[in-house]
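These notes concern the structure reproduced below.
Bear in mind that the values in this text are calculations on the coordinates, not laboratory data. Quick caveat: nothing in here was measured; it's all calculated off a predicted structure. FYI the Cβ positions are ideal-geometry reconstructions off the backbone, even for glycines, and counts take in every protein chain you see.
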Amino acid sequence: MSQPNCSSLWASTAAPDIEASALQGTVPADVVIVGAGFTGCAAALAMAQRGARVRLLEANVVGWGASGRTGGQVIPGLKFDPDEIEAMFGPDLGPRMVNAVGSVGDEVFGLIEQHAISCDAQRKGWLQPAFSTRSLDLALRRCDSWQRRGADVAPVGRSEMARLLGTDHYLGGWEDRRAGHVQPMSYVRGLAGAAQRAGAVIHIDSPALSLTRQGAKWRVSTPQGAVDADQVLLATNGYTDGLWPGLARTVVPMMSFQAATIPISEDLGKSILPEGHAASDTRRLLWYFRRDAHGRLTMGGRAPYREDLGAADADYVRNAVNRLYPQFKNTPFEFHWAGRVAMTQDHIPHLNRLDNGLWAALGYNGRGVGMATLFGRYLADLASGVPAQDIPFPVTSMRPIQGYPFTRLVARALVSYYRIRDQLEAV
Ligand SMILES: Cc1cc2nc3c(=O)[nH]c(=O)nc-3n(C[C@H](O)[C@H](O)[C@H](O)COP(=O)(O)OP(=O)(O)OC[C@H]3O[C@@H](n4cnc5c(N)ncnc54)[C@H](O)[C@@H]3O)c2cc1C
């Protein structure tokens, strides 16, 4: 029996779920995938299109993890500027990585078009407004770094930013026109449906409980069945459990909290994000916001690490709404929800080779709508025999974080510290 999904806006307003049932009995496959979020569903789709026999196992329902709870912002790039990525990874891999992370909009919106996925997709750009003079410099440097590589980005001055956002809270920033947003639960269900049509078999209510070698095959066992396969792809991100010892210790899960207002009347809402942008600001504990297809304002930010976050924890996002859009001060929130964002120590998403025929992709550091979709395809490439050096990202062994419990405590203490730094730095 699946755990109930949190009462996210997306779960409540999504396109219909796919038909799927729990795994029963022992079945053969070429590849078994664990986790039905963007990573697992994109991998299942790519493998099935190549003619592989695919089984996808999900402990709950499709999109139950971060993918059905995200802000749905499709944002190219990582925490690092293109210049920094090239300096870190060298003249061969660096530029290929920059191209890859810059292409996630094409990847996501291309799949949506190709498979006619109905998910309120809007490719109208993303704004990164700066809340302090220091962060404005960093934002403009990042914009310049992309612009020099021919990306469709531009700096945005203070008054234009105020017009595009409908608030004069920010000092300016930049716009990335390769970006956009999707209804994420509809998108992940759409990927799952496309994978099924291509021949993948998806099982919900099917937690993978053990992963063992059986001769030349891997066996993944669930409460009522097992899959024997040549290749295993782990796509469990911030919800990674003990299935493969040590993998959960390669990421630090942090909570992100979102709330959505009731639909805002056309008259009151017409000046808020009038051109349909998504936005996330330069705060260390960023505020991210957008409108949904029904005119609701959604606002997200970091939250304390608890699974049972609820309405009483909405003060942080309520404060953000009040600061940006005081006219909505008394507008009720209709939905609030939270989920795990998987952070890595090096701030780079990880593609891991764990053993022969055993791969994992995780740690998107809050940029997973695009990156997880892309990494799903890379997992499929690796499982299909594409050499690791042909993947435009490092394929590494698993490196659990040293002193993990301590790291988790430090990461959570950093949230409080960053909050204070943001308050001090704001103009
Ligand atoms: C609140 C929030 C807001 C976010 N906003 C954005 C945003 O606006 N833009 C952006 O780019 N990124 C955003 N992110 C990050 C993004 O959502 C994630 O990086 C992305 O969804 C990860 O996808 P995934 O498929 O790798 O993992 P998930 O979607 O988390 O899927 C993992 C799945 O694995 C399943 N699972 C775990 N263990 C097992 C097991 N043993 N057996 C079977 N199944 C198992 C879980 O049930 C889960 O469904 C946000 C994240 C959160 C939480």
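Numbers below:
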{"item": "Intensity falloff of region 103-232 expressed as log10 I(q)/I(0), Debye formula with alpha-carbon point scatterers, at q = 0.14, 0.16 Å⁻¹", "result": "-0.79, -0.87"}
{"item": "Cα centroid separation - region 121-145 against region 331-405, whole Å", "result": "24 Å"}
{"item": "Pair-distance profile P(r), taking every C-alpha pair of region 268-328, with 10 angstrom steps and integer %", "result": "19, 52, 26, 3"}
{"item": "Whole-number D in µm² s⁻¹ for region 51-175, Kirkwood Cα-pair radius fed into Stokes-Einstein, 25 °C, 0.890 mPa s", "result": "144 µm²/s"}
{"item": "3J(HN,Hα) from dihedral phi, region 388-403, Karplus parametrisation 6.51/-1.76/1.60, rounded to Hz, x for glycine, proline", "result": "4, 5, 8, 7, x, 8, x, 10, 10, 7, 6, 10, x, 5, 5, x"}
{"item": "Segment A293-E19, extension gain: residue separation times 0.36 nm, minus the distance between their alpha carbons", "result": "96.1 nm"}
{"item": "Alpha-carbon gyration tensor eigenvalues x 5, square-rooted, for region 183-280, Å", "result": "40, 19, 12"}
{"item": "Relative contact order computed over region 266-398 (Cα-Cα under 8 Å; 6+ residues apart), in percent", "result": "14 percent"}
{"item": "Net lengthening on full extension, S159/D315 (0.36 nm per residue, minus Cα-Cα)", "result": "53.3 nm"}
{"item": "Convex hull volume per residue for the chain, taking Cα atoms only, in Å³", "result": "131 Å³"}
{"item": "D168/S210 FRET efficiency (R0 56 Å; Cβ-Cβ; nearest 0.05)", "result": "0.50"}
{"item": "Spherically averaged projected area of region 37-97 from its Cα convex hull (nm²)", "result": "6.2 nm²"}
{"item": "For region 188-232, alpha-carbon Rg over 2.2 N^0.38 Å", "result": "1.32"}
{"item": "Karplus-derived 3J(HN,Hα), 6.51/-1.76/1.60, for each residue of region 366-383, Hz, glycine and proline x", "result": "x, 10, x, 4, x, 5, 5, 4, 5, 5, x, 5, 5, 4, 4, 4, 4, 5"}
{"item": "Mean ellipticity per residue at 222 nm, deg cm²/dmol - from DSSP H runs of n ≥ 4 across the chain, formula -39500 (n - 2.57)", "result": "-10000 deg cm²/dmol"}
{"item": "Two-site label geometry, R177 and H115: point separation in nm, points 7 Å out along Cα→Cβ", "result": "2.9 nm"}
{"item": "Interchain or long-range residues, amide H under 5 Å from E334's placed H", "result": "A260, T261, I262"}
{"item": "Relative counts (whole %) of C-alpha pair distances in region 1-119, using bins that are 10 Å wide", "result": "11, 32, 33, 19, 5, 0"}
